[in-house]
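Have a look at the structure below, then the notes.
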């Protein structure tokens, strides 16, 4: 009995001890995963500053021979440059056109225009009735008048009548020869040469008293060492019937809107003084 009572007491004490022990610890719960961050927005490129120039309305190509300095020639980079190219660049800005410039052989200019290899010719192209039949022409953008050149200090710096009975050199079969024939056939000794350069060489050698020709070309020669002997004398000679109407830009006949835009640009340049600024960079006398 005592043994049984003792065992029962021990079992009761053990049960109480077990009941007082803390429950087994569970491993700590993992923290909830943070949501994935949203993909970063692509960085926006900084806005480009607005250009002060309006975008070009259209694109054209201007062709020239680039062999008639200072009117047209190739610069050190091989690009067309000169008096006419500066006029073209200014006109392109005014008509809001993006312009490219290209050089072609003289004989390829009109055929290339008609075949649409380019859009405008600016290459000291004189206005003639034959050219009017083949293409459209802008208004005149320069005219180099006829003029005389003689030895410095010669007594001819006045009306052409002062050269009566004098020896006048002219280039054979030229418009300037036509004018001299009309004006001096009976009152002066006209000496004909195959080229203007030959006539000017004769002047330097005192074989003629004066030479009649294109004023721009005579002045350019006077700026060279061989032409230091001489200077332009007398008044400018302008005669549409014999010396021509001047130089215009060539276009295809169907490009009437482009022709009208160029005409407007040339007119504005001559009115607002821009033409004169360009002119004065190349020549000491006006060409319009």
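The values are calculated or read from the model by the stated rules, or taken from the named source; none is laboratory data. This structure is a prediction, so every number in the text was calculated from the model and none was measured. With ideal geometry, Cβ positions are generated from the backbone for all residues, glycine too; neighbour counts draw on all protein chains shown.
Return a yes/no flag: does region 281-288 have any residue that is within 23 Å of residue 82 (Cβ to Cβ) and at pLDDT below 95.
Scanning region 281-288 turns up at least one residue that is within 23 Å of residue 82 (Cβ to Cβ) and at pLDDT below 95.
Look through region 262-288, keep the residues that are part of a helix (DSSP H, G or I) and without any contact (Cβ under 8 Å) to a residue 60 or more places away in the chain, and return whichever of them is nearest to residue 136 (Cα to Cα).
270
Filter region 162-184 for residues that are outside any helix (DSSP H, G or I), out of contact with any helix residue (DSSP H, G or I) (no Cβ under 7 Å at 6 or more places or on another chain) and closer than 13 Å to residue 243 by Cβ and give the result.
If the condition is that a residue be outside any helix (DSSP H, G or I), out of contact with any helix residue (DSSP H, G or I) (no Cβ under 7 Å at 6 or more places or on another chain) and closer than 13 Å to residue 243 by Cβ, then 174 is the only one that fits.
Which residue, of 218, 258, 251, is crowded, with 17+ Cβ neighbours inside 10 Å, in contact with a helix residue (DSSP H, G or I) (Cβ under 7 Å, 6 or more places away or on another chain) and closer than 30 Å to residue 91 by Cβ?
Every option except 251 fails the conditions.
Here's a check for you: in region 68-88, which residue that is in contact with a strand residue (DSSP E or B) (Cβ under 7 Å, 6 or more places away or on another chain) and in a loop (DSSP other than H, G, I, E, B) is nearest to residue 137 (Cα to Cα)?
Step by step, filter region 68-88, then rank; the result is 82.
State all residues of region 238-251 that are under 31 Å from the mean Cα position of the chain (by Cα), in contact (Cβ under 8 Å) with a residue 60 or more places away in the chain and part of a helix (DSSP H, G or I); if no residue qualifies, say none.
Passing the criteria: only 243.
Could you tell me whether region 85-93 includes any residue that is out of contact with any helix residue (DSSP H, G or I) (no Cβ under 9 Å at 6 or more places or on another chain) and either modelled with pLDDT under 95 or on the phi > 0 side of the Ramachandran plot (or both)?
No, region 85-93 contains no residue that is out of contact with any helix residue (DSSP H, G or I) (no Cβ under 9 Å at 6 or more places or on another chain) and either modelled with pLDDT under 95 or on the phi > 0 side of the Ramachandran plot (or both).
Among the candidates 207, 231, which residue alone is loosely packed, with under 15 Cβ neighbours inside 10 Å, closer than 19 Å to residue 150 by Cα and touching a residue at least 24 places away in the same chain (Cβ under 8 Å)?
Every option except 207 fails the conditions.
Among 147, 102, 91, which is the only one that is assigned to a helix (DSSP H, G or I) and either under 19 Å from residue 257 (Cβ atoms) or in contact (Cβ under 8 Å) with a residue 40 or more places away in the chain (or both)?
Result of the check over 147, 102, 91: 91.
Determine if region 218-237 includes at least one residue that is closer than 13 Å to residue 139 by Cβ and either touching a strand residue (DSSP E or B) at 6+ places or on another chain (Cβ under 7 Å) or assigned to a strand (DSSP E or B) (or both).
no
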